[in-house]
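Read the figures in this text as sums done on the coordinates, not as results from a lab. Not measured: the values here are computed from a predicted model. Note that we place each Cβ from the backbone using ideal geometry, even for glycine, and neighbour counts take in every protein chain shown.
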Amino acid sequence: MIKITLPDSSVREYEKGVSGLDIARSISNRLAKEVLSITVNGEVCDLTRSIEADSTIKLNTWDDAEGKHAFWHSSAHLMAEAIDVLYPGTKFAIGPSIEMGFYYDLDLPEGKQITDKDLKKIEQKMLELARQKNAFVRTEMAKEEALAHFTEKGDEYKQELISELEDGTITFYEQGGFTDLCRGPHLPNTSYIKAIQLNSIAGAYWRGDEKNKMLTRIYGVTFPKAKFLDEYNKMMEEAKKRDHRKIGKEMELFTFSQSVGQGLPLWLPKGAALRERLENFLKVVQKKFGYEQIITPHIGDVRLYKTSGHYQKYGADSFQTINTPAEGEEFMLKPMNCPHHCEVFKFKPRSYKDLPTRFAEFGTVYRYEQSGELHGLTRVRGFTQDDAHIFCRPDQLKEEFKKVIDIIFIIFKALDFKEYTAQISLRDPQKPEKYIGTPENWDKAEQAIVEACEEKGLNTITELGEAAFYGPKLDFMIKDALGRSWQLGTIQVDYNLPERFELEYIGSDDKRHRPVMIHRAPFGSMERFCAVLIEHTAGKFPLWLTPEQVVILPISEKYNDYAAKVSNYLNICDIRSIVDDRNEKIGRKIRDNELKRIPYLLIVGEQEAENETVSVRRQGEGDKGTMAMKEFADFINDEVRNQLSEIYN
RNA sequence: GCCGGGAUAGCUCAGGGGUAGAGCGCAUCCUUGGUAAGGAUGAGGUCGUGAGUUCAAAUCUCAUUCCUGGCUCCA
């Protein structure tokens with residue numbers, strides 16, 4: 001007998017050689033049905049693998065990432081089997097599970113092609129094969145033997161993969177008539193897979209290298225219950241509805257023009273006003289934290305970027321330089337604000353008493369992003385960073401870091417981002433050659449970040465080797481209303497630029513010292529942030545931010561004058577209102593304006609006009625009763641004040 | 001940049017070798033209304049751009065611009 005320890009620390013005894021499936025059965029029938037894989041002493045395995053010694057286990061179901069992983073990985077094999085049947089001669093490269101589903105990269109036989117229209121056919125074949133309840137059988141083979149097998153098959157992809165594996169035994173999985181090189185684990189058999197949807201086809205380079213052959217990648221997702229597929233599709237639909245490109249158009253926030261150029265957003269009046277409110281909000285917050293606004297030009301002498309190192313490192317990813325043939329000058333459209341800010345710092349000698357010095361600018365930068373990479377507002381060629389650079393003494397680093405974290409939290413609160421993670425990116429201790437600056441400085445900076453996060457009680461993950469070459473950083477990822485993650489703000493420590501620009505301050509010892517720089521952008525870029533905000537809120541922005549806060553709906557044209565009077569009054573009270581004076585019935589006006597995402601609808605007719613009142617409707621909530629004009633104005637302003645409590649306190 | 005898909009009215013989209021369609025929106029008129037779609041009429045498009053094939057191209061071919069799903073990249 002062997003002892004099996006379960007996650008709740010309870011210990012059960014089983015025969016030697018017991019399988020995960022056996023254990024699940026001994027606990028409950030339901031668990032036996034739902035379990036997908038087993039983690040044995042930290043290693044995820046097949047449910048059918050026998051356990052030979054005392055172990056600590058965890059049974060993974062659909063609710064565990066490990067369970068989904070086995071499910072989708074097996075689905076990838078199932079898809080490969082279907083394609084192998086439908087398109088004989090296809091070579092299979094890699095087919096992993098991903099965050100939401102799986103894909104397989106294929107090299108189709110000469111002259112064959114799979115298009116969107118073929119996906120249904122493959123799905124059908126997969127369902128047919130799934131119903132056959134074929135077991136996923138694990139076999140082992142010596143490396144030589146495995147290599148010979150794929151050499152015979154003429155599959156150069158698997159050959160390459162195997163030849164890179166360590167010598168020894170190689171594992172294979174076979175289901176139906178399909179065998180694949182695979183570490184596993186897999187489901188016991190194909191019948192677990194009940195619902196299948198292949199989503200898209202894309203090109204993908206073999207091993208992600210653009211020098212290699214382009215393979216055909218098919219993305220799909222599968223589920224153990226048809227209901228889950230429905231839920232998945234509802235979720236995708238909702239995401240589509242919230243797409244910032246669609247809402248941006250509907251709400252007239254921004255647009256693009258072929259004539260202006262790709263990746264160059266045009267902010268329409270409502271979008272520009274919204275963005276301006278965001279900027280002003282941050283300006284007020286930053287002012288409280290001791291920042292000073294500066295303004296610098298959109299171009300800079302190329303020598304500036306040679307000094308900063310951006311030219312050498314990112315010259316190819318920047319727009320071509322602007323030349324003045326008559327005078328032989330050479331300028332770059334600025335890809336970063338920091339070099340300009342360093343020059344602002346150098347304007348005059350700085351004393352240790354002046355530090356930290358914090359320069360902020362909504363600086364528009366231009367980067368030559370690859371054309372295929374552009375996407376709505378999230379990836380553009382011209383964008384505005386809510387940039388600031390803090391020049392401080394090394395001993396001030398931690399305090400400054402904490403203050404930036406405070407600013408970021410004020411923003412999260414005002415914009416209702418409730419879930420976040422912060423990633424601390426440190427250097428890779430194995431590769432000191434990748435980084436500039438002394439190990440002592442790195443130690444200090446990393447320690448400052450780690451401690452700042454601890455003292456602020458941040459929810460962090462730490463990644464080694466993810467630091468920039470010039471310093472460690474802290475990135476914030478928020479989760480939106482649909483549970484999707486977006487990377488937003490960043491705080492980065494930099495020893496490089498102060499060095500390159502020879503920045504100095506006079507210390508209390510009357511000697512010259514080098515300051516440390518912190519780059520930080522809580523929003524990241526205004527464009528990207530607005531996109532995230534649109535998708536997070538589905539265009540229903542917080543009251544303080546939304547383009548139109550109130551719409552006034554006269555019952556009939558007789559009350560248009562009164563509606564205009566209310567609107568004027570509200571506008572004087574700093575409330576953004578419009579009037580819907582179309583010749584339509586009130587029901588129609590309510591419906592149309594509810595759909596326009598305006599937070600408050602005011603209905604005015606005979607009674608309201610007589611008493612100088614308004615009948616209030618909150619978007620999505622319905623009738624809220626009647627209020628006097630002034631009462632309503634105060635009510636709205638209170639709500640805004642409440643949402644922005646941080647900057648009013 | 002690379003591999004797919006696409007571009008038709010302000011928006012969403014159908015159509016398709018014989019000179020353009022729907023719904024919504026917009027305008028005008030009727031209606032003057034009380035909390036999620038009242039009715040009628042009408043205006044709107046050299047079918048992304050350029051070239052080619054053809055008696056004839058919005059439709060087929062090629063090029064090009066832009067959008068888009070991915071890959072690669074992201075200071």
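Determine the dipole magnitude for chain A: charges of +1 sit on the beta-carbon of Lys and Arg, -1 on that of Asp and Glu, nothing else is charged, the reference point is the Cα centre, and the result goes in debye to the nearest 20.
Details: 90 positive and 104 negative charges, 225 e Å.
The calculation lands at about 1080 debye.
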* Structure fact -> Of all GluC sites (Glu not before Pro) in region A:123-225, the ones in DSSP coil with at most 10 other Cβ atoms within 10 Å are A:Glu166, A:Glu210
* State the Cα centre-to-centre distance between region A:213-263 and region A:423-474 in whole Å. => 35 Å
* For region A:153-158, take each phi angle, set θ = phi - 60°, evaluate the Karplus expression 6.51 cos²θ - 1.76 cosθ + 1.60, and give the result in whole Hz per residue in order, putting x for glycine and proline. => 6, x, 9, 6, 5, 5
* Asked: So, in Å, what gap is there between the alpha-carbon centers of region A:83-99 and region A:613-646?
  -> 58 Å
* Asked: Roughly how many nanometres apart are two label points built 7 Å out from the Cα toward the Cβ at A:Ala53 and A:Glu594?
  -> 6.6 nm
* Looking only at Cα atoms, what is the convex hull volume of chain A per residue, in Å³? -> 242 Å³
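Divide, for region A:2-61, the radius of gyration over alpha carbons by 2.2 N^0.38 Å, where N is the residue count. Before the final figure, lay out each step's value.
Details: Rg = 10.0 Å, N = 60, 2.2 N^0.38 = 10.4 Å.
For region A:2-61, the normalised Cα radius of gyration comes out at 0.96.
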* Asked: For region A:143-191, which trypsin sites (Lys or Arg not before Pro) are in a loop by DSSP, counting at most 14 other Cβ atoms within 10 Å?
  -> A:Arg183
* Asked: Using unit Cβ charges (K, R positive; D, E negative) and no other charged atoms, how large, in debye to the nearest 20, is the dipole of region A:550-648 about its Cα centre?
  -> 380 debye
* **Residues whose placed amide H lies under 5 Å from that of A:Asp428, excluding near-sequence neighbours** => A:Gly465, A:Ala467
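For a test of the definition: using alpha carbon positions, the gyration tensor, and the 1.5 limit on a/c, classify region A:67-233 as rounded, prolate or oblate. Mind dumping the intermediate values first?
Numbers: a/c = 1.72, a/b = 1.27, b/c = 1.35.
Oblate.
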* Separation of region A:16-82 and region A:351-383 by C-alpha centroid, Å? -> 47 Å
* To do: Enumerate by residue number the GluC sites (Glu not before Pro) in region A:241-348 meeting two conditions: DSSP loop (anything except H, G, I, E, B), and at most 11 other Cβ atoms within 10 Å of the site's Cβ.
  => A:Glu327
* Asked: Under the Karplus relation 6.51 cos²θ - 1.76 cosθ + 1.60, θ = phi - 60°, what is the ordered set of whole-Hz ³J(HN,Hα) values for region A:614-620, x standing for Gly and Pro?
  -> 9, 9, 9, 10, 8, 3, x
